[in-house]
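Peer 1: The following block contains the structure, expressed as structure tokens.
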Amino acid sequence: MLIIKIGGGKGINIDGIISDLAALNEKFIIVHGANALRDELAKKLNISKRIVTSVSGYDSVLSNEETIDLMMMSYAGLRNKRIVELCQQKGINAVGLSGLDGKLIQGKRNAGIKIREDGKTLIVRDFSGKPKSVNRHLLNLLLVNGYIPVLSVPLIDENNFAINSENDDIIALLQQEFNADKIISLIEESGLLLDKNDPNSLVPKLTKAELDEMEKKVEGRMKRKILALKKLFETGNSTVILSDGRTEHPINDALNGKGTIIS
């Protein structure tokens, strides 16, 4: 079993990814982002996003009701269905679902995010949370009958409201449920970079023990990504490959050792 995470950047080669997956003789689950598409829609609809930084240094987009609407349009709507469409064109019988559908991914809404703003410590609450359980019966029903799940946010919370969540946390939960052999995370970088402005600073290999030190060396969104990678090794022993999603053959490149391999 493979778990494929497709980043939401504009430069990700979706066609190449799906073409590579169509040639695999292995079951897999796709989880995808759509942040670039979300931002494009937000601009067209004149909706501004607010990025907050927690006191522990992690950046996130504050998820109000407008943000959730944008997410439904971009993630669960346009991007999800275009990926499903491409899968069907390549011979993959895909089914696109959000975490809301069939309560596929149940989450718990955050009590609040502690942030620093204008020299003050504030607690802000929004429609975001952590995934807590997966409807494994529904996913198995699809997989056993030859369907490939294509999953996206939003999730459903304990009161049946739509919430945002980090895809990396969803991946960790799926890894725990399915004990995947490999997790391939496709991003708009060649892998994990020591310096985000230097493509030659690629870290080719990492061990679980080295992730703690790496977390101290990176900033912003990559800092959160390292935290999520650490969670994968709390629940299982999969090999995680962080690789470039912009190449001609992103999946083949990842499986052939290009990018950052964490084991």
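Peer 1: What are the ³J(HN,Hα) couplings of segment 91-103, residue after residue, when phi is run through the Karplus curve with 6.51, -1.76, 1.60 and θ = phi - 60°? Round to Hz, x for glycine and proline.
Peer 2: Those phi angles translate into x, 9, 7, 8, 10, x, 9, 9, x, 6, 5, x, 6 Hz.
Peer 1: Among 152, 243, which comes first, then next, by fewest other beta-carbon atoms within 10 Å?
Peer 2: 243, 152
Peer 1: Looking at the chain, send over the antiparallel percent of its DSSP beta bridges, to the nearest 5.
Peer 2: Details: 20 of 47 bridges.
Of those bridges, close to 45 percent are antiparallel.
Peer 1: Please go through segment 192-263 and write out the GluC sites (Glu not before Pro) that DSSP classes as loop and that have at most 11 other C-beta atoms within 10 Å.
Peer 2: 219, 248
Peer 1: For segment 65-78, what does the Karplus curve 6.51 cos²θ - 1.76 cosθ + 1.60, with θ = phi - 60°, yield as ³J(HN,Hα) per residue in whole Hz, taken in order and with x for Gly and Pro?
Peer 2: So the Karplus estimates, Gly and Pro as x, are 5, 5, 5, 5, 4, 4, 5, 5, 6, 8, 6, 6, x, 4 Hz.
Peer 1: Springs between alpha-carbon pairs under 10 angstrom, Gaussian network model over the chain: which of 126, 195, 157 fluctuates most?
Peer 2: 195
Peer 1: Once you've got the GNM for the chain with C-alpha springs shorter than 10 Å, pick whichever of 66, 188, 117 has the biggest mean-square fluctuation.
Peer 2: Looking only at 66, 188, 117, the biggest GNM fluctuation is shown by 117.
Peer 1: Which of 19, 145, 61 sits farthest toward the positive end of the charge dipole of segment 2-262, with +1 on the Cβ of Lys and Arg and -1 on the Cβ of Asp and Glu?
Peer 2: The residue sitting most towards the positive pole is 61.
Peer 1: For the chain, what is the charge dipole size about the Cα centre, in debye to the nearest 20, if Lys and Arg each add +1 at the Cβ and Asp and Glu each add -1 at the Cβ?
Peer 2: It comes to approximately 400 debye.
Peer 1: Looking at the chain, which longest stretch skips every one of the trypsin sites (Lys or Arg not before Pro) that is in a DSSP loop with at most 16 other Cβ atoms within 10 Å, leaving the sites themselves out? Please report the intermediate quantities before stating the final value.
Peer 2: On the way: sites that count: 10, 27, 49, 50, 90, 125, 196.
Here the longest run is 126-195.
Peer 1: Using a Cα-Cα cut-off of under 18 Å, which lysines could be cross-linked to residue 5, ignoring same-chain neighbours fewer than 8 residues away?
Peer 2: Counting by Cα, and skipping residues close in sequence, residue 5 has these lysines nearby: 27, 81, 130, 182, 223, 225, 230, 231, 258.
Peer 1: On to the next question. Can you tell me the dipole magnitude for segment 181-254 around its Cα centre, using point charges on the Cβ only (Lys, Arg +1; Asp, Glu -1), in Debye to the nearest 20?
Peer 2: Dipole of segment 181-254, to the nearest 20 debye: 300 debye.
Peer 1: Restricting attention to the alpha-carbon atoms of the chain, what are Rg (one decimal) and Dmax (integer), both in Å?
Peer 2: For the chain, the Cα-based Rg and Dmax read 17.7, 55 Å.
Peer 1: Here's a follow-up. HN-Hα J couplings of segment 50-55 from phi, Karplus 6.51/-1.76/1.60, θ = phi - 60°, integer Hz, Gly and Pro as x?
Peer 2: 10, 9, 10, 10, 5, 4
Computed from the coordinates by the stated procedures, all read-outs in this text should not be read as laboratory data. None of these values were measured; they are calculated from a predicted model. Note that each Cβ is placed from the backbone with ideal geometry, even for glycine, and that neighbours are counted across all protein chains shown.
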